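Here's the structure, in structure tokens; my notes come after.
The values are calculated or read from the model by the stated rules, or taken from the named source; none is laboratory data. No experiment lies behind these values; they were computed from the predicted model shown. Neighbour counts run over all protein chains shown; Cβ positions are idealised from the backbone, glycine included. Side chains included, ligands, DNA and RNA excluded: accessible areas come from the protein's heavy atoms. Shrake-Rupley method; radii C 1.70, N 1.55, O 1.52, S 1.80 Å.
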Amino acid sequence: MKVGRNDPCPCGSGKKYKKCCGLVTTSSSFPGTAADDAAESWWAYPEFGEKVRREFASYFEAVLAPTGELCRDMVEAANRKMNALGDSVTWLHSVMFHLSLFILQAHLEAVVLVGQGLSGGAVKVLRGMFEALVVTKYLAQNPAEVEDYRDYYKVILWKRYRSLEKFEPEKAKRLPEGRLRGISADYEAVKNRFTDRPGQWQQKKNVRQMAEDISLGDMYDWFYCSASSLHHANMEGLHTNFLKWEKRGDKVEAIGPSLSGCAPALAVADLMILKCLDTLDTCFSLGFAQRIAELRKRSDAEWAGRAAGSTQSALDGAGFSQAGNSSRIVPGGEQSSKIVF
């Protein structure tokens with residue numbers, strides 16, 4: 001399944017593929033995650049930001065800065081591979097590359113929020129990062145489904161047009177006739193493939209099922225479900241943010257930054273970024289396996305060292321454990337480096 005770089009983009013934008021979905025991002029535009037970048041940009045609460053920097057000084061030096069360097073090097077290497085492939089670039093390459101950039105950006109956003117002492121916001125970002133990671137790894141293992149992932153965009157465009165037609169009809173009328181014909185024709189060409197799966201591109205599987213297929217089912221249970229409670233503000237989410245203070249007899253004061261939850265949010269961010277880099281490395285045969293393994297060891301050592309500290313209160317604050325459970329962060333490499341209860 002190949003598309004020439006000068007061919008019309010299959011997404012229906014009317015642009016050439018190389019100017020649309022085949023666009024290769026230059027490394028200079030990638031924000032990275034190095035500690036020096038974060039130090040210049042994340043201080044909405046300057047005094048508290050310094051507190052976070054002191055609390056996680058060893059993490060910034062041993063893990064975060066090397067993560068940024070590795071991300072930049074791998075993006076540059078993937079860029080070179082994309083350019084070298086030229087007209088042989090497949091949709092799998094393009095989707096894997098851009099999904100990886102999406103995940104790396106989410107990692108940066110989560111780190112920035114932790115730097116504000118806003119671990120709840122970071123967890124919500126990490127929830128989206130988990131979904132993107134699941135899709136990335138699932139498509140890497142099931143490349144035949146990349147076509148569905150791509151073509152469901154045509155269904156989305158049609159839905160967006162119908163919504164515009166309903167709520168802002170004058171704007172809908174101003175759409176170029178050729179553009180509207182293209183949206184309609186693209187939708188008619190693919191709609192029958194998505195009749196039984198409204199609202200999603202997957203053929204039969206939801207996020208949980210895809211996660212189980214790629215050995216992330218446990219992470220779905222211990223992280224994604226808790227993060228979803230924060231996102232949807234159900235009773236578990238409310239308990240995580242506020243009601244736990246009543247139970248402990250403490251007074252609820254002004255909402256603001258806190259160290260509570262920062263450690264597990266960073267640990268989860270590490271776990272997911274490393275899995276993303278593994279997939280990117282494998283998909284493009286970049287040869288970064290050893291550097292990824294070394295970074296994983298650093299991350300494991302950092303969180304193992306913090307297990308004897310104040311991790312319990314941080315886990316409670318992040319909503320990754322129930323009150324009274326004994327929680328810790330443990331090392332253990334690709335499969336077992338996670339928060340356990």
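Listing for the model above:
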| quantity | calculated |
| --- | --- |
| Single condition Thr240 does not satisfy, out of (1) in a helix (DSSP H, G or I); (2) in contact with a Gly (Cβ under 9 Å, 6 or more places away or on another chain); (3) surrounded by 17 or more Cβ atoms within 10 Å (Cβ to Cβ); (4) modelled with pLDDT of 75 or more | (4) |
| Residue in the stretch 82-92 that is under 23 Å from Arg296 (Cβ atoms) and in contact (Cβ under 8 Å) with a residue 12 or more places away in the chain present | no |
| Within the stretch 150-172, tally of residues that are under 19 Å from Gly14 (Cα atoms) and not β-branched (Val, Ile, Thr) | 11 |
| Asp36 being at pLDDT below 90, open to solvent by 40 Å² or more (accessible area, probe 1.4 Å), outside any loop (DSSP other than H, G, I, E, B) and under 22 Å from Pro143 (Cβ atoms) | no |
| Lone qualifier among Lys191, Lys159, Lys154, Lys204 - being at pLDDT 90 or above and surrounded by fewer than 14 Cβ atoms within 10 Å (Cβ to Cβ) | Lys159 |
| Matching option when the condition is more than 28 Å from Thr279 (Cα to Cα) and modelled with pLDDT of 95 or more, among Ala185, Ala172, Ala140, Ala132 | Ala185 |
| Single residue of Ala110, Ala144 found to be in contact with a helix residue (DSSP H, G or I) (Cβ under 6 Å, 6 or more places away or on another chain) and farther than 16 Å from Leu280 by Cα | Ala110 |
| Residue pairs meeting the criteria (Cβ under 6 Å; at least 6 apart or on separate chains; first closer than 16 Å to Val155 by Cβ, in the stretch 167-196; second basic (Lys, Arg) and surrounded by 10 or more Cβ atoms within 10 Å (Cβ to Cβ)) | Asp186/Lys154; Tyr187/Lys154; Val190/Lys154 |
| Meets criteria (in a helix (DSSP H, G or I) and surrounded by 18 or more Cβ atoms within 10 Å (Cβ to Cβ)) for Leu286 | no |
